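A short write-up of the structure that comes next.
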Amino acid sequence: MFTGIVEERGVVRELGLTRLVVGCRTVNRDSDEGASVAVNGCCLTVVERADDYLSFDLSEETLRRTSFGRLVESDPVNLERPLTLSSRLGGHLVQGHVDGVGEVAAFEHAPDGARLMVAPPIDLSRYLVDKGSITIDGVSLTVAALQEGAFSVALIPHTLNATTLGSTRIGDPVNLEVDVIAKYVEALLRRGGT
């Protein structure tokens, strides 16, 4: 379980069909082999650790459901270690299970930050509500507005500087995870609330 509060921007050192190597210096301190780390919002298992990088195996399913297939060497990625029982929950409950890949539809700078608009996959739209939680590339955000086929979020200067979202461009693919509570509510209603 994660919070969507990015701890570090790592850098892709190597990306193959089954392996991702990310340069980092903070999240690798206590991320031993077998530990979970959210990489752009996707929970991955550490398979190798060194002083300045972590390695992860990638499954066909992971490549199919995420934007990892579009990463190249030297791309930045958002990194977060999982919660502990004594952690503060600064963002929202994030599982690290990418629900789909959206596309950046607009990115507008403003004096107080920026506004990012994303076109989500159609099947995820039903989980989006005004002022609800959304995770974009592992960053916990609040839906600022909903439009036909898109939603927008406000990005403060800290988020722009501390995450990969500050270098986002129109057309970029982004990993999305909708609020897990919405998915549970839907499942309960589908079953008749019993």
Residues with amide H under 5 Å from that of Leu44, placed H, sequence gap 5 or more: Val37, Ala38, Val39
Quick calc: nm separation of the 7 Å Cα→Cβ label points for Ala119 and Gln95 -> 2.7 nm
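Can you give the local net charge around Leu141? Use residues other than it whose beta-carbon is closer than 12 angstrom to its beta-carbon, Lys and Arg +1, Asp and Glu -1.
Every neighbour counted, the sum reads -1.
Per residue, how much accessible area does the range 41-194 show when a 1.4 Å probe rolls over the protein heavy atoms, in square angstrom? Before the final figure, lay out the partial values.
On the way: 8270 Å² over 154 residues.
Heavy-atom SASA per residue in the range 41-194 reads 54 Å².
If you place +1 on the Cβ of every Lys and Arg, -1 on the Cβ of every Asp and Glu, and leave all else neutral, what size is the dipole of the chain about its Cα centre, to the nearest 20 Debye? Show your work: numbers first, answer last.
On the way: 18 positive and 27 negative charges, 85 e Å.
The calculated dipole for the chain is roughly 420 debye.
Looking at the square roots a ≥ b ≥ c of the eigenvalues of the Cα gyration tensor of the range 9-163, which shape do they give, rounded for a/c under 1.5, prolate if a/b is larger than b/c, or oblate? Please report the intermediate quantities before stating the final value.
Numbers: a/c = 1.74, a/b = 1.55, b/c = 1.13.
In terms of gyration-tensor shape, prolate.
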Per-residue accessible area, 1.4 Å probe, largest first, puts Arg191, Arg115 in the order Arg191, Arg115
Find how many whole Å separate the alpha carbon centroid of the range 135-194 from the alpha carbon centroid of the range 27-50. 23 Å
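Rounded to the nearest 0.05, what FRET efficiency do Arg29 and Asp75 give with R0 = 25 Å and r taken as the Cβ-Cβ distance? Could you check? Provide the component values of the computation, followed by the final result.
Numbers: r = 22 Å, r/R0 = 0.90.
Once the sixth-power term is evaluated, E becomes 0.65.
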Taking the range 106-170, how much of its Cα-Cα pair set, in percent, is spaced more than 18 angstrom apart? 30 percent
Through the Karplus equation 6.51 cos²θ - 1.76 cosθ + 1.60, θ set to phi - 60°, convert the phi angles of the range 30-46 into ³J(HN,Hα) values in whole Hz; use x for Gly and Pro. 10, 9, 6, 3, x, 6, 9, 9, 7, 10, 6, x, 9, 6, 10, 9, 5
Leaving out ligands, DNA and RNA, and with a 1.4 Å probe, what % of the accessible surface on the chain is carbon or sulfur? 51 percent
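The values are calculated or read from the model by the stated rules, or taken from the named source; none is laboratory data. The model shown is predicted, which means the values in this text are computed figures rather than measured ones. Quick reminder, even Gly has a Cβ in these numbers, built from the backbone with ideal geometry, and neighbours come from all protein chains shown. We work out accessible area using only protein heavy atoms, side chains counted, and drop any ligands, DNA or RNA first. Shrake-Rupley method; radii C 1.70, N 1.55, O 1.52, S 1.80 Å.
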